[in-house]
Structure formats: C-alpha cells, structure tokens
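These notes are about the structure you will find just below.
The values are calculated or read from the model by the stated rules, or taken from the named source; none is laboratory data. Keep in mind that what you see is a predicted model, and the values were worked out from it rather than measured. Every residue, glycine as well, gets a Cβ built from its backbone with ideal geometry; the counts of neighbours run over all protein chains shown. Accessible surface is based on the protein model in full, side chains and every heavy atom, while ligands, DNA and RNA are left aside. Shrake-Rupley method; radii C 1.70, N 1.55, O 1.52, S 1.80 Å.
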Amino acid sequence: MVTAGANQAYVNCVLTFLDEQGNDRPPNGGRIRKCVVFEPYYFNHVMAVQSTRGGKNCGGLACRGVGDDAESAGEVEGLLVGPTKHGVPDLDWLRSKLEQYKFTDAATSSSQSLGNAIRMVTLVNPGNPSGVALPYFFLKEITELTKEYGVWLVMDNTYEHFDVDGMNTIEGNGGPAYPCFDEEHVINIFSFSKGYAMAGFRVGYIALSSKASSIDGGKGMGTAAYEEMLKVQDTIAICVSRLSQMAALGALEAGRDWVLEQVRSLEVGRKVILEAMEPLEEIIGGNGAMYVMGKLPNGVDDQDFASSLVEKYGVAVIPGSFCGYPGWIRVCYSNLPPDDCKLAAARLKEGILKLTSTF
C-alpha cells in the first residue's frame, strides 16, 4: 500500500488496529486496546495515538511501564511506553506486559490466551531518535515474541539504508542487505524521505504478508489487515499524488547502491559529532539512522539547554523530553556538508562544556 509518507502509514496502522475497546465477554470485555512504543520514542508515533485516544504525553522515563493507573490519571489511553537498555528495547518488560494483558477464559480458568489487550508493538529500526541500529537476532526474537502472543508488530524501517555497521544482516547468506520478516503478524513500513531525500514528495509504503492462514489455510492476517486498512486509506489520502509516485519509481530504478554511496558521505559528520559529545556522561546511537543522543548532567533541563545552544552557539538539537527522554538531547549529523558539520560540531562541543557548567 503506497502512502503519503511513513507517518501516514503509521496512522493507517493505528486506525486499523486500535479499536476503541473490546467487546469480549468478562473479564476481558471493555478493556482498552493498547499500543506499545519504546523510549526514547518517535514523537509522531505517540501523537498518532494521542490524536485518536486523547490525553497528554505519557512522559517517558517518568511513566516507565505505565498501565491502567496512568490511564486513570489522564495519560494517553491505550499507550504503553517501554524501557530500553542503551537504546535497545527491553524484551523482558515486553513479555511481562504481554502476559499481563493476555485475555483468558474465565469460564474454564484456562491460561490459554484468547487474545491480548495489547494490539500492536511499535519498533523503529534503525532508531529515531535513538540512532541505534538493532541486530538481526534481536529483530528475530521480538518477531517470535509478538507472534507467540498474537500481537501485531509494526516495524518502521524508514532508516533502513542507514544501518551503519550492518547490524541487520545475516552473515554469509547472500540475501538482501536489510532483511525483513515475512510473517502474518508483521507490518513493515518504508519511506522514500530519508534514503532517497524525497521528504517533500511524501511517499512511503506498507508491506504486509500475503501468506495464507497458518491455522486453516484461509485468508491470512496480513491479507485481512490490508483489506481493512484500505478503508482507512480511502478516507484519508485515497492515493499519493501521481507525480510523487513517478518520482519514487525513478528513485527505485536508481537503486540501493546509489543511496548507500550518499550515506557514506555522512561518515565525516558522524565522527565529528560523536567526538563533540564525548564530554557527556553517556551517549547512545551513532550506528544507525543519522542521530546521536547524549545525557546531560543531572539537573540540566534539556529544553533550556537546547534553547541556550541555539541562542549562544547557533546549533539546534532536539530536547529528549520531546521523545519521552528528559535530560537528554538528540543531535542530527546529516543536514550539513562535511566542512560545515565540523564547524557545527566544534560549536556543539563548546556549548556542551560551557552550558552544562552554568546550569
């Protein structure tokens, strides 16, 4: 399904999978369907849930593992924000939540799952804003875990071309450079905005499995989801502009090798930004997408820091609190030519050294 960018693709998923509440029999009936994101999250994903569920920003680190208590306090209904370890989602936490929200048969006291209040788990790889590229074995593990509980796994592959260290590869298999999982429950989202530098054209797409049902050989989950998602598509964009689709087709004809050549040109900027952020006590990312995140000293407000950095040093960063990660900043190294990026990195380092000592 061709969409008006990856953001619209994700909204299609939210509107397709997150119904208002279940109509299951007690004790499962009426439980709000939930979506999982992991901190630091891509803020547009959270806003997509906010726009359909209401409530306020979940608050990231302050609401790790939020559940029904947070919802009753006015947080985003149906949103669970999971923790990460150095930018890698915590699968033990995810399993505990999938188990917690599993539907069971009260009549027979059976522990066999009859579904789950968690309808979809969101994963961005390589990560925005984390800048972390996840390895293939991790992606396989989360794919198997969500399959075990019958939950949709929405994989946002917007930065597929920016897997700097080739983390998502299968050694010696001679297969694709960035393998994806053709499973009934996996929804893959792609974009032309980053690798092909076509952000203004607004072209993305969703790939769903066409496999038959593993239970009875009938219509598979992917096909059923596609048919329902067509209804969403037809009420939002109907279709992407023909001109944009023609441009995207031309980009595909240029091929992946052309994109990777452009990605390699970012290496100078990546290295100087990583060096500039060394004074910070912790850094994550830099091996995926085009981002690096750094932890500010305790007591330093990330939004105040970002404002001062712009005003005094002419360098713009994203406050981590916008991504559910207060006390951190996100730095992008792809927006400038190498020489300009070196200048920006020098200013960034000076700003970090001076500003963190004055807050």
Residue that is nearest to Asn128 (Cα to Cα) [pool: residues in the stretch 7-20 that are among the hydrophobic types (A, V, I, L, M, F, W, C) and open to solvent by less than 10 Å² (accessible area, probe 1.4 Å)]: Ala9
From the options Val132, Val121, residue that is open to solvent by less than 40 Å² (accessible area, probe 1.4 Å), under 30 Å from Cys332 (Cα atoms), assigned to a loop (DSSP other than H, G, I, E, B) and touching a strand residue (DSSP E or B) at 6+ places or on another chain (Cβ under 8 Å): Val132
Residue, farthest from Glu350 (Cα to Cα), within the stretch 284-325, restricted to residues that are under 23 Å from the mean Cα position of the chain (by Cα) and open to solvent by 60 Å² or more (accessible area, probe 1.4 Å): Phe322
Close pairs from the stretch 41-62: first farther than 21 Å from Gly285 by Cα and part of a helix (DSSP H, G or I), partner modelled with pLDDT of 90 or more and open to solvent by 40 Å² or more (accessible area, probe 1.4 Å), Cβ under 7 Å, at least 6 apart: Ala48/Val11; Thr52/Leu15
Filtered residues of the stretch 297-346 (kept if under 25 Å from Lys194 (Cβ atoms), out of contact with any Pro (no Cβ under 9 Å at 6 or more places or on another chain) and basic (Lys, Arg)): Lys342
Near pairs, Cβ below 6 angstrom, 6+ apart or cross-chain, from the stretch 255-266 (within 10 Å of His161 (Cα to Cα)) to any residue that is open to solvent by less than 100 Å² (accessible area, probe 1.4 Å) and not in a helix (DSSP H, G or I): Val259/Gly195
Single residue of Ala237, Ala224, Ala207 found to be surrounded by 13 or more Cβ atoms within 10 Å (Cβ to Cβ) and over 23 Å from the mean Cα position of the chain (by Cα): Ala224
